[in-house]
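Trainee: Provided herewith is a single structure, encoded as structure tokens, for subsequent inquiry.
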Amino acid sequence: MAALEIDWFLRDVDWPHFATIPLFTGVVGWLINWTGLIMLFNPIRFHGVRIPGMRELATVLPRKVQGVPGLLQGGIGWQGIIPARAAKMGSIAVDKAIAKLGTPAEFYQQLEPEDIAEHIVAVFRPEVPDLVDEVMTRERPRLWRDLPEPAKQAVYARVQAQLPGIIREVTDQIGIHIDQLLDPKIMVIDHFERNPRLVVSIFRDFGQRELNLMVNFGFVFGFLLGVPVAFADHWFGQWWLLPVLGVIVGWLTNALGMWLIFEPPERRRILGVPVQGLFPRRQAEAAEAYAQIIADDVITLEHIGDFLLDGPRGDRTRQMLADALRPAIDRAAGPLRGAVRVAVGGTSYDEIRESVAQAAVGRTITPFRDKDFSAQQAEKIRALVARRTAELPPKDFVEMMRAAIREDEWMLYAHGAIMGLAGGFLHLWIFGAGG
């Protein structure tokens, strides 16, 4: 009986139609994952047409649809899913990883405040004469103009001699209050949002091999899923069955590709075979690549300086630095302070001291923005981030990497389903209906 059924199958099957179905689903599976990667990463910036009122109109659409990158930018077009979600990934990166990698105080200590102080003194010392001239010319122009040059030089020399102590006080105060002055979450989110290319780099720099493997596995998944599709198409012989099954194959191909990359986070055995997601399997290597990006481009001394002075807490930083500088200026005046008070009046002295303090605030932070010095300090941050990232629980590591696409994975699956449907119709057009 079985032999008769096999003979019937072999005799009646439309071999070109039947045999090409797995090949078709394999090629479509490869194309689905290949184009899926393009959707994930490209373009970095929104490409399309912005339409006034589109963003507001999108708010009445279903929540998932609102997340389509084109609608996020208020227009019709596209931005890669990961770049479009750069700010969200920055937020989760802080919550899941960076917050566990170290407090602001730990990051600041890794940058070695003693080295920062020495660098500030080296940069600031030559500027002291200009700073003093600027303040005195503004506050007491006649007195300063009439002061003999040797006396001016003595003032410059005394301030420069006191400079290391003044700057040490400033860097100590920054360290004491750094948790109130620096918000790594805001800093990281803002930086990722302004530089979505960094988020793409986090995936590309260490995961390109796995992403390429996912594309190649698209063919394998598609081919294997195509075998039962070919039999179902032959047995039922309905023309519409192939496009419908193509939708299922396309959806599953993308779902299996995402599973291959991220799941399971921790190594486990399935049917005796050790299984782990491709990304978490290389967490230690990923930690190095991730740490390099964070240290070179995100949590840098340069960006910390920008945030301290110009971020949302910049006023607090300036006030704290001015408070630290006032007594230091008194110490720099030393035994001359009484004579200066008599010469210019107590109120004028206080005004001069305040002007010096305010003018010096920016100069004490400006050396933070020195790119070369920031690059030297980056190695210390890189080592800390790499060590702590490697120690993260695999589940947190996967969540950090997957955060940028989790809400939008349905778009990848829908894209796979549409391509599967198109592949089914294309096969019908080329080979006709089976049966």
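The values are calculated or read from the model by the stated rules, or taken from the named source; none is laboratory data. Since the model is a prediction, treat every value here as computed from it, not as a measurement. Note that we place each Cβ from the backbone using ideal geometry, even for glycine, and neighbour counts take in every protein chain shown.
Trainee: Being out of contact with any Ser or Thr (no Cβ under 8 Å at 6 or more places or on another chain), over 16 Å from Pro104 (Cα atoms), crowded, with 17+ Cβ neighbours inside 10 Å and among the aliphatic types (A, V, I, L, M) is the filter here; which residues of region 270-321 pass it?
Mentor: Within region 270-321, Leu278, Ala289, Met320 qualify.
Per-residue answers, yes or no, for (1) of a type in the set (D, E, K, R); (2) at pLDDT below 70; (3) part of a helix (DSSP H, G or I):
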{"site": "Phe279", "(1), (2), (3)": "no, no, yes"}
{"site": "Ile294", "(1), (2), (3)": "no, no, yes"}
{"site": "Phe307", "(1), (2), (3)": "no, no, yes"}
{"site": "Arg318", "(1), (2), (3)": "yes, no, yes"}
{"site": "Ala328", "(1), (2), (3)": "no, yes, yes"}
{"site": "Ala343", "(1), (2), (3)": "no, yes, yes"}
{"site": "Ser348", "(1), (2), (3)": "no, yes, yes"}
{"site": "Thr364", "(1), (2), (3)": "no, no, yes"}
{"site": "Pro367", "(1), (2), (3)": "no, no, yes"}
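Trainee: If Ala157 satisfies every condition in (1) in the same structural domain as Leu37 (by TED's automatic domain parsing); (2) exposed (fewer than 15 other Cβ atoms within 10 Å of the Cβ); (3) not aromatic (Phe, Trp, Tyr) but one, which is the exception?
Mentor: Every condition holds for Ala157 apart from (1).
Trainee: While we're here: Can Val135 be described as more than 30 Å from Met89 (Cα to Cα), part of a helix (DSSP H, G or I) and touching a residue at least 40 places away in the same chain (Cβ under 8 Å)?
Mentor: yes
Trainee: On to the next question. Out of region 391-420, which residues are aromatic (Phe, Trp, Tyr) and more than 13 Å from Asn254 (Cα to Cα)?
Mentor: Phe397
Trainee: Further question on the same structure: Sort out which residues of region 170-223 are at pLDDT 80 or above, surrounded by fewer than 18 Cβ atoms within 10 Å (Cβ to Cβ) and among the hydrophobic types (A, V, I, L, M, F, W, C), and write them in order of number.
Mentor: Listed by number, the residues that qualify are Ile176, Leu213, Val220.
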